[in-house]
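The values are calculated or read from the model by the stated rules, or taken from the named source; none is laboratory data. Quick caveat, the model's predicted, so the values are computed rather than measured. Backbone-built Cβ (ideal geometry, glycine too); neighbour counts: all protein chains shown. These accessible areas exclude ligands, DNA and RNA; they are computed on the full protein's heavy atoms, side chains included. Shrake-Rupley method; radii C 1.70, N 1.55, O 1.52, S 1.80 Å.
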Amino acid sequence: LKRFSKRGLPLIGHGDWNDGMSAVGPQWKGESVWVGHFLYGILLRWADLCDDVVKRRTKISRVTPARLTVAAKRYRARAAALKTAINKHCWDGQWYWRASRDNGELVGSKKNTEGRIFINAQVWSVIHGIATPQRVLRAMASFEKHLNREYGPLSMTPAYTKPDSTIGYLSRYSPGTRENGGVYSHAATWAIWAECLMGNGNLAYETYTKICPPKRGLDPELYYGEPYVMPGNSDGPESPSFGRAGWTWYTGSAAWLFRISTEWILGVRPEQAGLRVDPCIPSTWDRFRMVRQFRGATYQITVENPQRVCRGVRSVTLDGKPLTGSLLPDLRDGQTHQVRVVLGGAKKNVRRFRR
């Protein structure tokens, strides 16, 4: 929290999530919009954690409840100030710019001829709730227009065509490879998450299929990678091998794709108080089934979609008894339980902002 610029944005230094942006801020003047999006959500989570420890009267060595309460208040205040600063300084008209260099020049701005728009600056504004509802729609529309291509979402575009000493080794990848205009699988999974948060079940699933190895592997001469493991990336449109997979067997995006597909498309995800069932599926699906083990209990879940909607839980029954809301209780009884979920009550394909 000490590494902030005068206008209240996090400094980028030698890179952030994208270590290829290794020369953007080595003098500790350049800023990172993505770190701002990410940090905003982390600060709020830490504040909630502090409150929870105080509420539960959990003992932590040398940390008093009073100190935790003060810390929670401080984190929320910094988060609020950060959100204000990002929306004041970092909106570029149709999307959020990605970073500023030590000399003040922007990266990921409409002013740039190369590297005009970056994926993480858009989708994380949705994931952590930085953007206003109007900006959510504009940023994600820009993502769909410029970045979401036939073989998955690009990390950024247009690619850098020659090394840039103020960007870093990102610009030394050939155009369309890796983070330089390629489909970087790690970031692509987060785009699916953002679409689910907006209620765009059709687009979320379509984007999922674009990077799903078994689906891509149906064209092995193009895809090139193994059809049973996530690749680190696929080449982008500026590569002569557009759509070809690379760097398989090492990427953490395998776990991310599994988590996004089960917790946000199928919508069965753990929360502190229980198991949430809130699918965001294609409107063409009429039903699906899932078995989920959770804290010692087994839930056999059937989701029905008679109205062919993407999202909206109309009713939930647990072992034949109706529940209020979509949160399954934390039973921890070692038993198997039958869950029936019926979707409905919402229009098809409605874009809705939901943090």
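Structural remarks
- Note on the chain: dipole from Cβ charges, positive end direction compared against Tyr184, Leu154, Asn87; the farthest Cα belongs to Asn87.
- Across the options Thr324, Ala273, Val341, the greatest Cα extent toward the positive end of the charge dipole of the stretch 235-355 (unit charges at beta carbon of Lys, Arg, Asp, Glu) belongs to Thr324.
- Expressed as a whole percent, the accessible area of the chain that falls on carbon and sulfur atoms is 53 (1.4 Å probe).
- Divided by 2.2 N^0.38 Å, where N counts the residues, the Cα radius of gyration of the stretch 257-335 comes to 1.06.
- Normalised by the number of residues in the stretch 165-252, the mean separation of alpha-carbon contacts (under 8 Å, six or more apart) gives a relative contact order of 30 percent.
- Helical segments meeting 24 Å axial Cα length and Kyte-Doolittle 0.0 threshold in the chain (DSSP H): 33-56
- Cleavage-rule hits (trypsin sites (Lys or Arg not before Pro)) in the stretch 92-164: DSSP loop, at most 12 neighbouring Cβ within 10 angstrom: Lys111
- Divide the volume of the convex hull around the Cα atoms of the chain by the residue count and you get 155 Å³ per residue.
- Glu221 accessible area, assembled protein chains, probe 1.4 Å, Å²: 150
- 1.4 Å probe accessible area per residue over the chain, in Å²: 47
- Dipole size of the stretch 133-182 about its Cα centre, with +1 on Lys/Arg Cβ and -1 on Asp/Glu Cβ: approximately 100 debye, rounded to the nearest 20.
- In the assembled protein chains, Leu49 presents an accessible area of approximately 90 Å² (probe radius 1.4 Å).
- Each principal axis of the Cα cloud of the stretch 202-355 was evaluated for its coordinate range; sorted largest first, these ranges are 57, 36, 27 Å.
- Taking all Cα-Cα distances within the stretch 1-112, those exceeding 23 Å account for 38%.
- Mean separation of Cα contacts under 8 Å, 6 or more apart, over the residue count of the chain: relative contact order %: 12
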